[in-house]
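Before anything else, here's the structure in question.
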Amino acid sequence: MKSKVYIETSVVSYLTARMSRDLIVAGHQQITQEWWDTRKEDFDLYVSQLVVHEAGGGDPDAAQRRLSVLEDIQSLEMNQQVIELANIFVRERVLPATSAEDAIHIAVAMVHEMDYLLTWNCKHIANAEIRKAINEACRNAGHMVPTICTPEELLGD
């Protein structure tokens with residue numbers, strides 16, 4: 001049985017964007033492409049309607065590239081349990097209220113028992129300090145905590 005990976009919007013954005021002139025961003029883009037080319041078949045991939053919504057915004061050509069990548073990926077339900085858990089993250093100040101969408105991404109991955117949450121959002125998701133608070137809040141709510149990581153961390157050997 002394959003491990004389940006929730007793909008957060010930043011991964012899709014890095015995968016489909018034109019190569020950046022910023023060296024760090026370009027490095028993330030290259031790593032994301034390598035992960036997509038060499039590892040995605042090793043996992044069952046999932047997104048949410050929030051990912052589809054976010055991917056569809058902005059420049060129409062860029063949005064189309066992002067959405068085309070998502071066509072064959074199963075979308076997880078954003079049910080009441082997801083909303084309640086995301087609200088806990090905001091209410092307990094695990095994440096700021098301005099990052100409610102990030103709380104939803106985390107909650108979707110937890111409620112649907114993903115093994116990994118794959119993201120380049122290191123401000124509010126793949127952040128060591130916030131991750132500790134997320135883990136504690138999830139355990140207190142009785143949810144399994146997926147491994148939150150970047151594509152670089154999930155490249156394997």
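Coordinate-derived values only; no laboratory data. Owing to the predicted nature of the structure, the values given are computational and were not obtained by experimental measurement. Ideal geometry is used to build each Cβ from the backbone, glycine not excepted, and the neighbour counts take in all protein chains shown.
Would you mind ranking Cys149, Cys138 so that the residue whose beta carbon has the fewest other beta carbons within 10 Å leads the list?
Cys149, Cys138
Could I ask something else about it? How large is the dipole of the chain about the Cα centre if only Lys and Arg carry +1 and Asp and Glu carry -1, each at its Cβ, rounded to the nearest 20 debye?
Numbers: 14 positive and 24 negative charges, 74 e Å.
So the dipole magnitude of the chain works out to roughly 360 debye.
Shifting gears a bit: Which whole-Hz ³J(HN,Hα) couplings does segment 98-112 yield from phi under the Karplus relation 6.51 cos²θ - 1.76 cosθ + 1.60, θ = phi - 60°, glycine and proline marked x?
Using θ = phi - 60°, the values come out as 6, 10, 4, 5, 5, 4, 5, 4, 5, 5, 4, 4, 6, 4, 8 Hz.
Moving on to the next point. For segment 60-157, restrict the atom set to alpha-carbon positions and state the Rg and Dmax in Å.
In order Rg, Dmax, the Cα atoms of segment 60-157 give 14.0, 43 Å.
Given the options His143, His53, His112, state which has the largest fluctuation in a GNM of the chain using a 10 Å cut-off (strictly under) for Cα springs.
Comparing His143, His53, His112 in the GNM, the peak value goes to His53.
Taking 7 Å along the Cα-to-C-beta vector as the label spot, tell me the Lys2-Ser68 distance in nanometres, rounded to one decimal.
Using points 7 Å along Cα→Cβ, the separation is 2.2 nm.
P(r) for segment 25-76: what percent of alpha-carbon pairs falls in each 10 Å bin, starting at zero?
Answer for segment 25-76: a P(r) of 23, 47, 30, 0 percent.
Below 22 Å, Cα to Cα, which lysines can Lys2 reach? Residues fewer than 8 away in the same chain don't count.
Within the straight-line limit of under 22 Å, Lys2 reaches these lysines: Lys40.
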